[in-house]
Amino acid sequence: MRRARLALAVLATVPCWGCLLTNDFFAFEDTAPVVAVTEPDGFPGSGFGALLAAYESESLGGLLAVGGNPGTDVFVFQTLTASGDLTPDAEFSRACGGREGCDGLGVGGSVTWLAAFASGTDCLAMGAPATDSVIAFCIGGNQIAQVPGVGSVGRSVASAVGGSEVFVGAPDSGEKVYVWADRAPDLVGVGLGLGLEGSIGEAVAVSPDGALVAAGGDGQVAIFSWDGSAAALVDTIAGEPGFGRSLAWGDTQDDAGVELHAGGDGRVTILSGDGAELGLLECGESPCTSFGDALATGDLDGDGRDDLAVGWPARRNFAGAVAVFSHGEISGPVLQHSTPTADQRLGRSVAIVPVGDRGELVAGAAGEIYYFFCSLLPGDTAAVGERCRP
Amino acid sequence: MRLGIVIVTVFAAGSAFAQPEDPVEALQEARRHMEEGQSLYVQGRYVESAQEFLRAHELQHYSAFLYNAAVAYERFGHLGLAATNFERYLRDDPGAPDRAEVEARIARLRAAAAAQGGTPPPTPTPGQTAAPAPLPEAAPEDIKSMLTVQTNPAGCRIVVRSVAGQVVAQGTSPLLSTVDAGEYTLTATHPDFRPATTDPMPVQPGKVYVVRVEMAQGAFHAFLRVVSNVPGASVFVDERDVGAVGRTPYTNPYPVGRHEIWVEKPGYRTVESEVDLALGEDLTLRVDLQRVDHGYLDLRANLRGSRVFIAERLVGKAPIDHQLPAGRHVVRVESEGYKPFEGRVAIERGQRTRIDVRMRPAPSRVPAYVSTGVAAALLGAGIYLGLEANALYEDLESEQQRGTLATDDPRIMDGFVYSLAADIGFLAATVVGGFAIYYFLRDPLPDSSAEAQRPVDLSIAPVGGPGLAGLSLGGTL
């Protein structure tokens, strides 16, 4: 009898332990600092998370465009409402699905934001290289521009912050980069006439002020200036194979101008606006394959200066990671999934979404995107049970 | 001087007329007729008196009956019948000491009868008292009495003397003699025994006396009486190993001198004492038997071979008859597959307490053990999963502190599943444990029980001293 009573007492007390744990595990899903957003229902095709483009709208708040492989679609999430509420997984709209004139174009090759275009505002420009098209969806009107027969128009798109022009990469066009301005409904090819071997246009990037444009691919990067109507070559920089497949402008260095960050060859080269090499950012381990395949700049630590996020999707059996370099630093934390798994491909795309006076890192992965609300930068660590932001 | 033990018995009166076959009964019946005849004679109912004497003679051919019948007829006036019965008297007892007187009396009666012309007096109706001729008043002393002398052993020489020293009868025992009323002394002699002589013994008319003489062999005797507070105790005198000579209250003659006496009774302490008997002393030895300090437990069980423990010590297997100190004892009876019995029993001093234990089967505990095992396994699984969940929780908490925990981290679901499984395990363990408790407690049969009988005095107890062994039967139930 004594044994039975003891057993009953133990059995009566221990279930509470499990109940508490069960509830606590549920709490993790609400409080974990890295928020995962999985592929939404109805996302066509595959590759959700292959493209990321962040934008801060004066009227809508923070917006994040998430695309997939070419021929899919782009979904827009309202990450931050106009009133300042953080809503990382709130679907705002589906860019193309069901819209007249969009289906069948095969959007998803590239994406960028424009403050205004033609008669519309808060525009999302998407490249559709399969149809040599670029589509601009704006609040107030949509436009489509095509350069039939080129074959890769729209592989990459870029615009300046608050700009109203879209630079369109077309690596199969020879040395051309197309410009789509709201005053000219058709794409205008900008013949550089530089006699480059290979092609450029795998990636394009526009400096924040719109004065410099970089186009890269096939182991080289061309920097040219843009005055709103004509381009002038500033410099070409050659590198290892793959160099120039990713480009990002940002003021990450303590100098007078903005810097161009070029990746794609397993490292990130920091170039000045005139093409001078300012430094290299390396992965710090081996192999460094895919280190720098995606680049984004923005203020991650709230110091008012740009920081650099470097995607590294092939790291450790393609589990992937994102390296964060604070302003001026040549090393920084490597963010990865708390349970890295093979082929997760974290860092295949990166963006820095605006959250108040600073930004938060978003990284694309295979079928998911992740908000890193705590980038482990100074002042950006999580307390237990709390998110870093807002 | 008394040389022997003499017991004189006067038989009580009786009224049966049937002829008994038993000699003793016949003697008693004859004696009753003689007593009746003597009574009728005193009342003057002579004919009826004579008839009673003759009935007595038919039962026991003692000459005294004929003599008494002749006297009764003579008193009535049946002179011829009187003479005839006197003649029968002399024939039965040719050596009668009063033969000359009786012969003269017969002659006188015959002559008187001839003078009467053979006319008998009228026959009175029953109950009528008639006296046709003036006769002297009836005197009981005219009636003779019977004296029977028996000896132990038989074959003693008996001499009966009057107080005047005249020998009135003699012969070999058992002796039958007809005597007149008076006082007599008896002398019994035997070559192997000391002669015995009685004190003067009064003999009333018309009575039958039986005198028994115990002959003493070489020593003078005294009476020894042994009484005890508990009757029925065995009495051993002088030689204990030859067995008990009797039970209390015990009376027997013993030679004078010192005697060693043991008084025993099962359940009581043996009392040993010595007495010194004086010649002719009638000594009463009073023994106060005290119970022994122990008793016996007579335990019987419906399941033979059940192990019996007393005060946690194995004392044997049922049935047992176990000696225990008087007092309360804890008795436990066990047997495989049966419910143990445990209880207290009071052992009384010098008594046997019987307990009938009824062992009842114990319910099978296999389901209980199986349930317990399953519950333990579930509990163990629950604890293991709980620990795993706990470890995952700590990992996740650490990850969260580092700021790297993702909301879709599979460990969150793993931990949730583990903790849920742990809860299920605990719950199932509780339920199954409940079943285990139920099966442990489930008992459709009553417990083993016992019924104690009232303690009884020991009926069988070892007796004897050093080198002796045996059993003495006695006691009460």
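Every number in this text was worked out from the coordinates using simple rules, so none of it is lab data. Because the structure is predicted, anything quoted here is derived from the model rather than measured. Don't worry about glycine lacking a Cβ; one is built from the backbone with ideal geometry, like all the others, and counts go over all protein chains shown.
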Total charge dipole magnitude, chain B, about the Cα centre, Cβ charges on Lys, Arg, Asp, Glu only, Debye to nearest 20: 1160 debye
Global geometry of chain A, whether rounded, prolate or oblate, following the gyration tensor of its Cα atoms and the 1.5 cut on a/c: prolate
Set of lysines near B:LYS265 by C-alpha distance (under 29 Å), chain-local residues within fewer than 8 positions excluded: B:LYS317
Peptide B:390-403, shielding by other chains (average Cβ, 10 Å cutoff): 6
Candidate lysines for bridging to A:LYS176, where Cα separation is under 28 Å - those fewer than 8 sequence places away on the same chain excluded: none
Fraction of beta bridges assigned by DSSP in region B:221-287 that are antiparallel (%, nearest 5): 75 percent
Equivalent ellipsoid dimensions for chain B as semi-axes, Å, which come from the Cα gyration tensor, largest first: 102, 29, 14
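Looking only at the protein assembly as shown, where both bridge partners belong to it, what percent of the DSSP beta bridges are antiparallel (to the nearest 5)?
Restricted to the protein assembly as shown, the bridges split so that about 90 percent are antiparallel.
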Label-to-label distance, nm, for residues given as B:ALA362 and B:ALA112 (7 Å Cα→Cβ offset): 10.6 nm
Net dipole in debye of the protein assembly as shown [+1 Lys, Arg Cβ; -1 Asp, Glu Cβ; about Cα centre; nearest 20]: 9500 debye
For A:VAL157, distant residues with modelled amide H under 5 Å away: A:VAL111, A:GLY169, A:VAL204
Residue with peak Gaussian network fluctuation, chain A [Cα springs, cutoff 10 Å], from A:ASP265, A:ASP41, A:ASP255: A:ASP41
Where GluC sites (Glu not before Pro) fall in DSSP loop in region A:82-172, at most 14 other Cβ within 10 Å: A:GLU100
Student exercise, region B:366-441 dipole from Lys, Arg, Asp, Glu Cβ charges, in Debye to nearest 20: 400 debye
Amide hydrogen neighbours beyond the local backbone of A:GLY292, cut-off 5 Å, H modeled: A:GLY311, A:TRP312
Set of lysines near B:LYS144 by C-alpha distance (under 16 Å), chain-local residues within fewer than 8 positions excluded: B:LYS207
Once exposed loop GluC sites (Glu not before Pro) are cut out (DSSP; at most 12 other Cβ, 10 Å), longest piece of chain B: B:337-477
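At a Förster distance of 22 Å, what's the computed FRET efficiency of B:ARG349 paired with B:GLU312, Cβ-Cβ distance as r, to 0.05?
0.40
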Separation in nanometres of the label points that stand 7 Å from Cα toward Cβ, at B:GLN290 and B:ALA377: 6.9 nm
Cα→Cβ-extended label distance, 7 Å offset, between A:ASN69 and A:ALA90, nm: 3.3 nm
GluC sites (Glu not before Pro) lying in DSSP loop within region A:241-289, provided at most 12 other Cβ fall within 10 Å: A:GLU285
Region B:221-287: C-alpha pair distances exceeding 17 Å, %: 32 percent
Over the protein assembly as shown: Kirkwood hydrodynamic radius from C-alpha pairwise inverse distances, Å: 41.1 Å
Bins of 5 Å from zero: percent of alpha-carbon pairs in region B:366-441: 4, 17, 20, 14, 12, 10, 8, 6, 4, 3, 1
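Past the 14 angstrom mark, what percentage of all C-alpha to C-alpha distances in region A:248-327 do you count?
Across region A:248-327, Cα pairs with separations above 14 Å total 57 percent.
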